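These notes concern the structure reproduced below.
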Amino acid sequence: MTGRTSTLTARLAVLARPGRARALAGFGLAAVLLMAVAPVLLSPFRLGLLGKFLCLAMVAVGIGLAWGRGGLLTLGQGVYFGLGAYLMAMHLKLADAGPGGVPDFMLLYGTGEVPGWWEPLRSPVVALALVVLVPAALAAVLGWAVFTRRVRGAYFAILSQALAAAFAILLIGQQQTTGGTNGLNGFRSFFGYDLADPVNQRMLYLIAAGVLIVMVVVARQLMVSRFGEVLVAVRDQEDRVRFLGYDPAAVKTAVYVVAAVMAAVGGALFVPIVGIISPADVGVVPSIGFLVGVAIGGRATLLGPVLGSVAVSWAQTTMSEQFPSGWIYLQGALFILVVAFLPGGLASLRTTLRRRRRPAREEEPGAPAPVSSDGPPAADLLPEGSRA
C-alpha cells in the first residue's frame with residue numbers, strides 16, 4: 001500500500017511541475033476553443049474553412065519539428081500531403097462507386113476499368129494504413145539516402161522542392177488514373193457517412209481539431225525528450241554529435257518521417273473536408289506556402305507553426321476575396337519582413353521587444369551567452385563530459 005501511495009504521489013508531483021501544468025492547461029484551453037466554442041460561434045461555412053486551416057496546420061506541426069528543431073528546410077512537404085490526400089480520395093471514389101464499381105472520371109477519361117493498384121483501396125482499413133505507411137516509407141528511403149551522404153542545407157531544400165515539382169507533374173500526366181489537372185472531387189460519403197449532412201461535416205471538423213491537438217502533444221513530447229535534445233544538437237553541431245557516437249543521419253531521418261506522416265494525415269483529412277484534391281494543392285507553390293506560415297509563426301516554438309499557418313491561411317482566404325492578384329505579393333513581403341527582422345517569427349516578438357527595452361549592458365567575462373530564437377545551444381544539450 002505504501003509503495004502504491006508513493007508511486008501515485010510521484011506521478012502527481014510530475015503532473016504538478018510548472019511547465020507540464022501550463023502545457024496541460026494550454027491543451028485543455030485549445031480543446032475547449034476548438035471543439036466547444038468554435039462550432040457554436042461559426043457558421044457551417046466558416047467552420048468548414050477552419051477545418052481546412054487545421055488540416056494545413058498539421059503539415060506545419062511537422063515542419064516545425066523538422067525545420068525549427070532539426071534544421072531541415074523541407075520545401076517538399078506537398079509531396080506527403082498529396083500522397084495522403086490522393087490515397088484517401090481514391091478510397092472515397094471507390095466507395096462512392098460501390099462494390100466492383102468504376103469511378104466516374106475513369107468512365108470519361110480512362111478505359112472504364114479500375115487499375116489493379118487501385119483495388120486494395122476499396123478496403124477502409126487498407127486505405128487508412130496506406131495513408132500512414134506509404135508516406136512514411138518514402139520519407140524513410142529518401143531521408144536515409146540523402147542524410148547518409150551528408151546532404152544538407154540548401155542542397156536538401158532544392159532536392160525536396162524538385163521532388164514536389166516532379167510529383168505534381170506526374171499527377172497531371174496521369175489523367176486516366178488521377179484525374180489530371182482536375183484532380184479528384186465530387187465525394188459523396190466518408191466511411192459510410194453522407195458528406196452533404198451538416199452533422200457529418202461538423203463531425204469531420206471535430207476529428208480534424210482532435211487530430212491536430214494530438215499532433216501538438218506528440219510534438220511537445222518529442223521536443224522535451226532526449227530525442228529532441230539530440231535533434232537540436234544535430235542542428236547546431238552535427239560533426240560534434242557524430243564524434244560523440246550518435247548517428248545524425250538516423251536522427252534526421254526519424255524526424256523527417258514524423259513530419260511526412262503528419263503531412264499525410266493532414267492531407268487525408270483535407271479531402272473530405274474541402275471536397276477536392278488536385279496537383280495545384282501539392283506542388284511547389286503550396287509547399288512554399290506551408291513553410292511561410294511556419295516561418296511567420298515561429299519555427300522553433302511549439303504553437304508558432306500552428307498559429308502562423310492558420311493566420312496565413314485565413315489571411316489568404318480573406319485577401320483573395322478582396323484583392324485576388326495582390327495576396328501573393330503581400331505574402332512574399334510579409335515573409336521577407338519576418339525573416340529579416342524577426343528570424344524567430346512572431347512568437348519571438350515579445351522577447352525581442354523586451355530585449356530592446358532592457359538597457360544595454362557591457363558583457364562581462366564568463367557571462368552566459370544569450371539563447372537564440374532557434375532554441376537552446378547545442379553545447380547545453382550534450383553530456384557534461386563532452387562539453388568544451
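Quick notes
- Nearest-ten-degree value, helix 154-173 long axis tilted from longest Cα axis of the chain: 10 degrees
- Listed residues A66, A260, A21, most fluctuating in the chain (Gaussian network, C-alpha, under 10 Å): A21
- Helix 226-236 and the longest principal axis of the C-alpha atoms of the chain enclose an angle of approximately 80°.
- Given (1) 25.0; (2) 30.0; (3) 18.5, the label whose value is mean projected area of the Cα convex hull in nm² derived from this model: (1)
- Accessible area per residue (1.4 Å probe, heavy atoms of protein chains only) ranks W67, W118, W327, W314 as W314, W67, W327, W118, with the largest value leading.
- Taking 7 Å steps out from each Cα toward its Cβ at L29 and A196 produces label points 4.2 nm apart.
- Averaging Cα coordinates gives a centre for the stretch 83-98 and one for the stretch 308-326; these two points are 29 Å apart.
- Angle in degrees between helix 18-32 and the longest Cα principal axis of the chain, rounded to the nearest 10: 20 degrees
- DSSP-assigned coil residues among trypsin sites (Lys or Arg not before Pro) in the stretch 91-160, each with at most 11 further Cβ atoms within 10 Å: R149
- For the peptides 195-201, 320-326, 51-57, 343-349, the ranking by mean Cβ contacts within 10 Å, running from highest to lowest, is 51-57, 343-349, 195-201, 320-326.
- Two-site label geometry, R242 and V151: point separation in nm, points 7 Å out along Cα→Cβ: 1.6 nm
- The length gained on full extension between A280 and D96, counted as 0.36 nm times the residue separation minus their Cα-Cα distance, comes to 63.9 nm.
- Distance (nanometres) between label positions extended 7 Å along Cα→Cβ at V214 and T111: 3.9 nm
The values are calculated or read from the model by the stated rules, or taken from the named source; none is laboratory data. Every value quoted in this text rests on a predicted model; they were computed, and no experiment measured them. Using ideal geometry, Cβ is built from the backbone for each residue, glycine included, and neighbour counts are taken over all protein chains shown. Each accessible area value is taken on the protein alone, full model and side chains, heavy atoms only, with ligands, DNA and RNA left out. Shrake-Rupley method; radii C 1.70, N 1.55, O 1.52, S 1.80 Å.
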